[in-house]
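To keep things clear, I will list the structure first and then write my remarks on it.
Every read-out reported here was derived from the displayed coordinates using simple, explicitly stated rules and does not represent laboratory data. On a predicted model such as this, the values are computed, not experimentally measured, just so you know. Positions of Cβ are generated from backbone atoms using ideal geometry, with glycine treated the same way; all protein chains shown enter the neighbour counts.
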Amino acid sequence: MENNINPEDQSEHYFYRPLQVFEADLKYSRKISFAFLFLVILSLLFFVFDENWCTSKNMLSILVFSIGLIPLMRWFYIGDLWSFPVFELFSLFVGVWFGLSSLLINDRISAISVDQREGALEIVLGGLLMSFFSYFKIAPFFFGSKRQAKIKSNISPKFLLRNSWIVVLLLLFYRIAFSSYGEQITFIEQPLLALGTFSFVFIYADFILRGEKKIENYVALIGLVFSQLLIGFSSGLLAEMAEVLILFGLVYLNIKKKVLFKTLFFCLFIFFLLNPLKKEMRSLTWSGSQKLNVVEKAQIFGGVIARNLSSSDFLDSRNEIVSRVDYTKTLGQVMAESPANVPYFLGGTYLPLLTVWIPRFLWPDKPTPAIGNEWAHYYGLVDTNDFTTSYNLCWLIEFYINFGVWGVLVGMFFCGFFFWVLKKILCSSPDVTLLEYSVAVTLLWRIWFAEGNFALEFGGVIIGSITLFIYFKALRFFERVKS
């Protein structure tokens, strides 16, 4: 990497330095690790001393939840806070969406029996342990000596920052002008999202590292975050709002080595507040007969909130919220149907991986993946006449519908393996630079939340890698022309 800069120019000098500008406080990180441990022990004591709750289903739920927490607890304990915790978050996702949700669900209103839930939890536990074995033992054995890939870029930091703002503004324009009306320009959406994520991370990390407390910097950053939250709010997709806030908090954690607890609690509050209302919101704004802009949708959603704040149904919405993240229920339903009534897909859901990297301008008629609706029809999860609803196909469930129990065990084994390799290549070195960190977060960010089907999420890694490669080459070319 060329480093022909003026040493006194701080705005460019930090661009090439490792992100360990802020040292991790090991005592602080270990306190958080022990807090997680205390949470698990408290849960165990609470349920063990209640004979009505001391059931095999609840014990399995606690086991899945507590084991899912272990990688994140370890990450905090060893003070590895500079690296992006992709496997740690993936494991937490499994622990919460399968273990904790099963613990909190009311068995009387569950769509599956207790026995079905226990069988599903046993498979989840086996898959989780297989991913641990692969991540902590097998992958390091084969690739332990591999070094992180270093990105050599001759792009001026100021030029890259300026273009990052341009990309973010283009993404906001696209989402307001097209996505908010339910329209898409398919061949540019995924590359633009990858560039948008990179640009947002780069801008925010640059803001933290530079430490310039100028009012215009704060106003610009707050405006950027608020715009993205407004778009997510108006869409009725709570995950979009949570995504912005969680990404915001994770970047801060990696660089400052501190947890934004207020942001975390705010995310939880927003989720619990808005989740019971999203169906009404979508019914009012997703109609194809009307074209509403972002502000009009936000106004409608605000009215929905105002009408429902005092509703007893709204205040007692725990079961609906827990049901939203209860993937053990879906796995149990799938296990009841396959292979007895619905044959295994035998890898059919992974076929888009063969073509996802082909740009649409080269293949205009490339099929649009509709697996989210198709698989749900096979298992009776959506109405027979409903061809628009997309039902999330979580990775672990996708492993099962393709190859059964062995699919879950082997699939989770390879998840642990690939997560370790990706992290080793992208962000395993403490001397990671701002540019390398931003690239790593862009490629790893979406795959830890394994709620969408595997081909779509890992296809995003492929598309993101190609997009960033072309983007950096183009920036370097235009900067040379400008010079």
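At a glance:
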| item | result |
| --- | --- |
| Packing-based ranking, highest mean first, of 121-127, 151-157 given that Cβ atoms within 10 Å are counted | 121-127, 151-157 |
| Set Lys137/Lys424; Lys152/Lys424; Lys152/Lys423; Lys158/Lys256; Lys31/Lys146; Lys150/Lys423 screened for pairs whose C-alpha atoms are more than 25 Å apart | Lys31/Lys146 |
| Protection proxy ranking of 162-174, 26-38, 438-450 - average other beta-carbon atoms within 10 Å, highest first | 438-450, 162-174, 26-38 |
| Label point distance in nm, Thr263-Arg30, each placed 7 Å from Cα along Cα→Cβ | 2.6 nm |
